[in-house]
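Colleague: Input: one structure, supplied below.
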Amino acid sequence: MYKIAAMGDRDSIYGFASLGMHIFPEDRMENPATTLHHLAEQDFAVIFITESLASRIQEDIDRYKDRPLPVIVPIPGVSGNTGAGMRAIAQAVERAVGSDILKDA
Amino acid sequence: MAGTQINPTRMELTRLKKRLITARRGHKLLKDKRDELMRQFLEIVRETRRLRRMIEEALTETNQHMSVARSLMNDESLAISMLYHKQEISLAVEEKNIMSVRVPVFKTNFRTADPGDIYSYGFAFTSCELDEAVQALSDLTDPLIRLAEKEKACQLLSSEIEKTRRRVNALEHVMIPRYLFQIRFITMKLDESERSSITRLMKVKDMMIEKTIRARKASDEA
């Protein structure tokens, strides 16, 4: 059985705890990237991560891009929506097609 | 092409012709694969975008509730209400095969059967904004998991498409032209050597005829 994790600042992810996800508040970890790799090695299938935190450890996240598991999903935090999640999809389109053909679709 | 040593022999020619046929067939197959992957990919991307837009809007709203709740409650009581959760979510992972790309499919399991078991706190000391946030989040659980599936499918498909596209291009622009060039080179070489051997034979024959004519003339004169 796989588990679900949520990483990010406390206020953004507290709610996820009540759903039964495992939360990893940013201020409790020394190095978010290490935590991420640690989670990926354990049986976490899905890791939700706030966009603001994701943008800081983008390189580490990209390492899991071509692996089937875990899935790392950027979500908007309390600090607002930066559009990073949408940009990630646009990047996938660009990688496959050569240019982002679905920009306004 | 230049710099590669080609043996202008018939055996080499047959071998190259066979490889050219294989390359052409592979090119056609890969092209079909790429087109189908692309079709599937674009469909999934459209869904992902729709889902993500929906989730982002909903989450922004939830976050507003959460911020209000936070401002109404002190850190400690909020932490206490959130940390002792009853519910536990777990995932069973299955695989789905899209054009031989394996993408994960998740099945959610809750520890307690009651979907209302999301309120891990008494209602007396918490803000109602917190209830709203938690309720909204619980409605979002399934969409969030679907989004995770879809985004992974997008990433895996896009890398597969990229690989396939490279292979198609390599076959189309490098391998097939190279085989064509080598085949033409060998055919021309073989034709050339055939012509030269014919001319040589003709020349030898001429020389032999001349010799006999001269010999006959000499015997006639004698």
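Colleague: Return the total of residues in segment A:46-91 being at the interface with chain B (Cβ under 7 Å from one of its Cβ atoms), under 21 Å from B:E36 (Cα atoms) and either in contact with a Gly (Cβ under 8 Å, 6 or more places away or on another chain) or not hydrophobic (A, V, I, L, M, F, W, C) (or both).
Modeller: Residues in segment A:46-91 being at the interface with chain B (Cβ under 7 Å from one of its Cβ atoms), under 21 Å from B:E36 (Cα atoms) and either in contact with a Gly (Cβ under 8 Å, 6 or more places away or on another chain) or not hydrophobic (A, V, I, L, M, F, W, C) (or both): 2 in total.
Colleague: Is it true that B:R46 is free of Cβ contacts under 8 Å to residues at least 40 places away in the same chain, within 9 Å of chain A (Cβ to nearest Cβ) and within 28 Å of the chain's Cα centre (by Cα)?
Modeller: Details: free of Cβ contacts under 8 Å to residues at least 40 places away in the same chain: yes; within 9 Å of chain A (Cβ to nearest Cβ): yes; within 28 Å of the chain's Cα centre (by Cα): yes.
When the stated conditions are applied, B:R46 passes them.
Colleague: If you go through segment A:41-52, how many residues are part of a helix (DSSP H, G or I) and surrounded by 20 or more Cβ atoms within 10 Å (Cβ to Cβ)? Quick ask: steps written out before the conclusion?
Modeller: Filtering segment A:41-52 for residues part of a helix (DSSP H, G or I) gives A:41, A:51-52.
Imposing the further condition that a residue be surrounded by 20 or more Cβ atoms within 10 Å (Cβ to Cβ) reduces the set to A:51.
Number of matching residues: 1.
Colleague: Out of the residues in segment A:11-42 that are more than 9 Å from chain B (Cβ to nearest Cβ) and of a type in the set (D, E, K, R), which is nearest to A:V93 (Cα to Cα)?
Modeller: Here the answer is A:E41.
Colleague: Would you mind telling me which numbered condition in (1) in a helix (DSSP H, G or I); (2) more than 9 Å from chain B (Cβ to nearest Cβ) A:E94 fails?
Modeller: Going through the list (1) in a helix (DSSP H, G or I); (2) more than 9 Å from chain B (Cβ to nearest Cβ), A:E94 breaks only (2).
Colleague: If we scan segment B:29-40, do we find a residue that is part of a helix (DSSP H, G or I), touching a Lys or Arg at 6+ places or on another chain (Cβ under 7 Å) and either at pLDDT below 90 or farther than 19 Å from B:Q155 by Cα (or both)? Break it down into steps so the answer makes sense when it comes.
Modeller: Of segment B:29-40, the ones part of a helix (DSSP H, G or I) are B:29-40.
Subset that is touching a Lys or Arg at 6+ places or on another chain (Cβ under 7 Å): B:30, B:34.
Keeping just the survivors that are either at pLDDT below 90 or farther than 19 Å from B:Q155 by Cα (or both) gives B:30.
Looking for residues that are part of a helix (DSSP H, G or I), touching a Lys or Arg at 6+ places or on another chain (Cβ under 7 Å) and either at pLDDT below 90 or farther than 19 Å from B:Q155 by Cα (or both), one finds at least one in segment B:29-40, hence yes.
Colleague: Moving on to the next point. Which of the residues belonging to segment A:15-40 are surrounded by fewer than 22 Cβ atoms within 10 Å (Cβ to Cβ) and of a type in the set (S, T, Y)?
Modeller: A:T34, A:T35
Colleague: Just to be sure I understand the filter: pairs with C-beta atoms under 6 Å, separated by 6 or more residues or on different chains, first member in segment B:50-65 and more than 7 Å from every other protein chain (Cβ to nearest Cβ) and part of a helix (DSSP H, G or I), second member at pLDDT 85 or above and surrounded by 13 or more Cβ atoms within 10 Å (Cβ to Cβ). Which pairs pass?
Modeller: From residues that are more than 7 Å from every other protein chain (Cβ to nearest Cβ) and part of a helix (DSSP H, G or I), the pairs are B:L51/B:L147; B:I55/B:P143; B:I55/B:L147.
The values are calculated or read from the model by the stated rules, or taken from the named source; none is laboratory data. Everything numeric here is computed off the predicted structure, so don't read it as measured data. All Cβ positions, glycine included, derive from the backbone under ideal geometry; neighbour counts span all protein chains shown.
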